[in-house]
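For reference, the structure is listed below as structure tokens.
Quick note: the coordinates plus some simple rules give every number you see, no bench work behind them. Source: prediction; values computed, not measured. Glycine also receives a Cβ, built like all others from the backbone with ideal geometry; neighbour counts cover every protein chain displayed.
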Amino acid sequence: SMGFTGPLLRINYNGERFMNEDTCAADAEYPIELQPKHKCFMITDSHFEENAAKCVNTFAATLAEWDERVGDGTIFKGQTLRELFESIDGMDVDAALATVERYNELCEKGVDDEMSTPYDPSWLHPVVKPPFYGAIIGSQMAKTMCGLRTDEHLQVMREDGSLIEGLYANATTAGGLSGEANYGCFWNSTVFGGVGTSWITGWIAAKSLLDAQ
């Protein structure tokens, strides 16, 4: 990971804050997939490493690693915030600058009263020390609300309950895991959440397929 996730300022192409990544998608203000171009940017300054080390749910990278990626379309950098935002094609520069200024005021106050789902106070790190960085983040489809019905071996069923030879489903593709038998979503993408479920059900499906040969 290049440290593209974590409790740092996130804005969209309109230069607006729009979500708290520490929530389930159902609770987030407006998820990434509903944003312009279905992308957002994580904005930070040269204090990134020390700030990331203070927070949970952060896949930490070093600024040296980020510097290696500047110019490849994933990491943007500027000696000033204006330079940073002007390097991002399509960014509303003035709106983004105003958002950072307002965010820094929230950090100084220690209370995020701008978002209906506020950042935890430990996340509020001002963006003040150059150079400044922006990491582009895309959306992802995390689940289906009612996936394909399977048996206990994760073999996919037809509507009449008969099994489809050679077809298996796992993780959130399989109904019952995040379908008619379950409300909500996996709370994170670690071994304790979606990744762990993918591993386990993937192993069951693969073993079942091999056993059927």
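For the range 60-109, what Kirkwood radius comes out of the mean inverse Cα-Cα distance, in Å?
Result for the range 60-109, one decimal place: 12.2 Å.
Assuming R0 = 45 Å, can you tell me the calculated FRET efficiency for the pair Glu49 and Glu165, based on Cβ-Cβ distance, to the nearest 0.05?
0.30
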